[in-house]
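What follows is one structure encoded as structure tokens, with my remarks underneath.
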Amino acid sequence: MSSKFITAGVIGWPVSHSRSPIIHNHWVHQYGLAGCYGLFPVAPGNLEKALQGIRALGIAGCNITIPYKIEAMKFMDWIDPLAERIGAINTVVVQANGELHGFNTDGFGYVQSLRDANPQWRADLGPVVIVGAGGAARSIIVSMINEGARDIRIINRTMSKAQDLAEEFGNTVNAVDWADRHNVLNDAALLTNTTSQGMVNEPALDLNIRQLPKSALVSDVIYAPLETPLLTQAKKQGNTTVNGLGMLIHQARPAFHAWFGVMPDCTQELNQKIINTF
Ligand code: ATR
């Protein structure tokens, strides 16, 4: 193994709330590597200079978070086709020749978190219902299509955004009117919330899940709180639930692999470290 000191970090604004340093620095220690992962607060207007800077500083790469996941694409020399489809990047890897390559690992993280809850899970088990039509929804739609989903239903408060996604992603994806949201769950195999509803300081998602089959997996991309009201209700009904912590940790794994050369594990110890920050 190389003894080179490897540096990576996360670019965002604001960025101080990010849990990524905890995750990556945990792995640096776990695998006995020489390196570190830091926070890079980049003020609006400075993104291009910051990305040129990581190349100039010999940094291995960085994560990109709010509000730059879309804008950062402009400054990449190459973008992974999956990220191109999602329309956003969350990971930059500096190549040996200095090129910046952009990836999106959110969909990978999401799918892995479902498999942690149910290793038998497959996207073609039945309809996938996604609440929300923002960036998180896009990464999940693309990963569900890639995984072979045949029926994806998008419920969004603003119908036009759900319709835009249905148009962009083709026949597999259909928009559902917000007023009909409670009635499209009765044959679902997966329900996922990608909205902010249920987050700490936000009201619960206004969705009645009584019609949802017990066999459906219910997931929420939110990780604070670990159990949103949606997941509490689903558990009560006997459904298996998945919170956003798994996605948060799994999305970091391919990035760590690209920068540090080791595909890291998710452990209970790391889960607990993150939970302790809430
Ligand atoms: P992200 O990139 O994290 O997905 P986003 O792009 O801001 O975040 O998307 C937020 C999603 O939460 C949207 O689908 C939004 O619905 P609208 O398109 O109607 O804005 C949804 N959302 C936010 N507040 C909501 C609320 N009070 N009720 C229902 N949906 C809400």
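Tabulated results
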quantity	calculated
Criterion: under 14 Å from W259 (Cβ atoms) and out of contact with any His (no Cβ under 8 Å at 6 or more places or on another chain) - qualifying residue of G35, G53, G45, G12	G35
Of all residues making up segment 67-102, the number that are more than 16 Å from the ligand (Cβ to nearest atom), open to solvent by 60 Å² or more (accessible area, probe 1.4 Å) and touching a residue at least 40 places away in the same chain (Cβ under 8 Å)	0
Sole exception among (1) within 13 Å of the ligand (Cβ to nearest atom); (2) of a type in the set (S, T, Y); (3) not in a helix (DSSP H, G or I) for S215, by number	(1)
Every pair of residues 6+ apart whose Cβ atoms lie under 6 Å, when the first sits in segment 38-64 and is surrounded by fewer than 14 Cβ atoms within 10 Å (Cβ to Cβ) while the second is assigned to a helix (DSSP H, G or I)	E48/F75
Evaluation of R115 against (1) open to solvent by 50 Å² or more (accessible area, probe 1.4 Å); (2) over 22 Å from V10 (Cα atoms); (3) part of a loop (DSSP other than H, G, I, E, B) (one fails), failing number	(3)
Which numbered condition E269 fails, given (1) more than 16 Å from the ligand (Cβ to nearest atom); (2) assigned to a loop (DSSP other than H, G, I, E, B)	(2)
Residue among L248, L231, L205 that alone is within 16 Å of the ligand (Cβ to nearest atom) and farther than 30 Å from G9 by Cα	L205
Of all residues in segment 169-200 being among the polar types (S, T, N, Q), part of a strand (DSSP E or B) and within 14 Å of the ligand (Cβ to nearest atom), the one that is surrounded by the fewest Cβ atoms within 10 Å (Cβ to Cβ)	T192
Residue satisfying condition, being open to solvent by 50 Å² or more (accessible area, probe 1.4 Å) and touching a residue at least 40 places away in the same chain (Cβ under 8 Å), within set G109, G135, G126	G135
Those residues of segment 138-165 which are within 14 Å of the ligand (Cβ to nearest atom), assigned to a helix (DSSP H, G or I), open to solvent by less than 30 Å² (accessible area, probe 1.4 Å) and touching a strand residue (DSSP E or B) at 6+ places or on another chain (Cβ under 8 Å), in sequence order	I140, I141, A162, L165
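The values are calculated or read from the model by the stated rules, or taken from the named source; none is laboratory data. Owing to the predicted nature of the structure, the values given are computational and were not obtained by experimental measurement. All Cβ positions, even for glycine, are placed from backbone atoms using ideal geometry, and neighbour counts span all protein chains on display. Quick note on the areas: whole protein, heavy atoms, side chains included, nothing else; ligands and nucleic acids left out. Shrake-Rupley method; radii C 1.70, N 1.55, O 1.52, S 1.80 Å.
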